[in-house]
Structures are given as structure tokens and as C-alpha cells.
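Visitor: I am attaching a structure below and will ask some questions about it afterwards.
The values are calculated or read from the model by the stated rules, or taken from the named source; none is laboratory data. Since this is a predicted model, take the numbers as computed values, not measurements. Counting neighbours? That spans all protein chains shown, and the Cβs are built from the backbone with ideal geometry, glycine included.
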């Protein structure tokens, strides 16, 4: 019995090392970038926010290696065009990273309410049409880590009309 216990302890201590060196799942971000947000939509397209703030940040949508849309085109231009919004209370956490491109507003979102989670990207065109691309399956989200790099959006209701 003590050998079984010892084996369990050794395996539990070595698991983080094994996981840390496991190959990264395919996604929209390069190995040299941090994936601040990544998920696959129901239609097989990736939604991603990738970069290395404060130097670079880029939104990507489409297939791996063949994004249909990137913002900004050059990741080094990235941080200035993005805004941040965050709201939380007991059992509720809502984060959004937004940007505007060619008259359309994009919002990368990650909402948790109780045990229910919704994430993806919402696009609102100049004429008010809205389309949401929801994540299906595993969601990588480190949006909260961007708070110190992006400017707060005082117009986003999640911020309660004020920014620190």
C-alpha cells in the first residue's frame, strides 16, 4: 500500500511538469505569442487575440495559418486600437475587449454567470446589424491580464460609465 501511495505522490508532482512541456494545441496564435483569447466556433473558425503586450496585440478570425481577418494588420500597431471593459459581482464575471474597424464594432467577450459560460466575438455593423460567433468547446481566456495594457472604455456599460 505504501508503494501505491508513493507512486500517486510522484505522479501528481510530475504531472505539472509533463503538462508544461506538452505540445500546444493548434490555434490562431504563434508559439512566440501569448494567446489572450482563443476558441473554435461552431463553423470551424478560430477567434483569437494574440500578442506580446506592450509591443504587440492582434485579433484574428478564420482558419489556422489563413486568417480571414486580422486587426490591426501589423500586430506592432495593436494596443492603441483596443479597449477594455470588466464587470464582476458574486458568481458573475464579464470581460470584453473591443475595437472598431471600418465602421464596425468588434467585442471579444468572456462571460461567466454561476456555472454558465459564454464566450466569442460579437460584431455590430454601422447599420446596427449584430452577429455573434460563439465559442464551442475549449476556451482559452486570459483577457483580464490585459487590463494594465489597454485603455478603459468609458462608454461600455460593463464599466458602469466610469474608468479608473
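Visitor: Identify, by number, the condition in (1) in contact (Cβ under 8 Å) with a residue 40 or more places away in the chain; (2) under 17 Å from residue 58 (Cβ atoms); (3) out of contact with any helix residue (DSSP H, G or I) (no Cβ under 8 Å at 6 or more places or on another chain) that residue 107 doesn't meet.
Guide: (1)
Visitor: If I ask for residues that are under 20 Å from residue 70 (Cβ atoms) and in a loop (DSSP other than H, G, I, E, B), which ones from the stretch 127-164 would you list?
Guide: 142, 149, 150, listed by residue number.
Visitor: Among (1) at pLDDT 95 or above; (2) not in a strand (DSSP E or B), which single condition is residue 97 missing?
Guide: Residue 97 satisfies every listed condition except (2).
Visitor: Further question on the same structure: From 98, 120, 137, grab the single residue that is touching a residue at least 12 places away in the same chain (Cβ under 8 Å), in contact with a strand residue (DSSP E or B) (Cβ under 7 Å, 6 or more places away or on another chain), under 23 Å from residue 46 (Cβ atoms) and surrounded by fewer than 12 Cβ atoms within 10 Å (Cβ to Cβ).
Guide: On the way: 98 fails: surrounded by fewer than 12 Cβ atoms within 10 Å (Cβ to Cβ); 120 fails: surrounded by fewer than 12 Cβ atoms within 10 Å (Cβ to Cβ).
Answer to the check: 137.
Visitor: Quick test of your reading of the structure: residue 125 fulfils all but one of (1) in contact (Cβ under 8 Å) with a residue 60 or more places away in the chain; (2) touching a strand residue (DSSP E or B) at 6+ places or on another chain (Cβ under 6 Å). Name the failing condition by number.
Guide: Single failed check for residue 125: (1).
Visitor: In the set 59, 87, which member is in a strand (DSSP E or B) and either at pLDDT below 95 or surrounded by fewer than 17 Cβ atoms within 10 Å (Cβ to Cβ) (or both)?
Guide: 87
Visitor: For residue 81, indicate whether it is exposed (fewer than 11 other Cβ atoms within 10 Å of the Cβ), within 25 Å of residue 27 (Cα to Cα) and either over 13 Å from the mean Cα position of the chain (by Cα) or modelled with pLDDT under 95 (or both).
Guide: no
Visitor: For residue 146, work out the one condition from (1) at pLDDT 95 or above; (2) within 25 Å of residue 42 (Cα to Cα) it doesn't fulfil.
Guide: (2)
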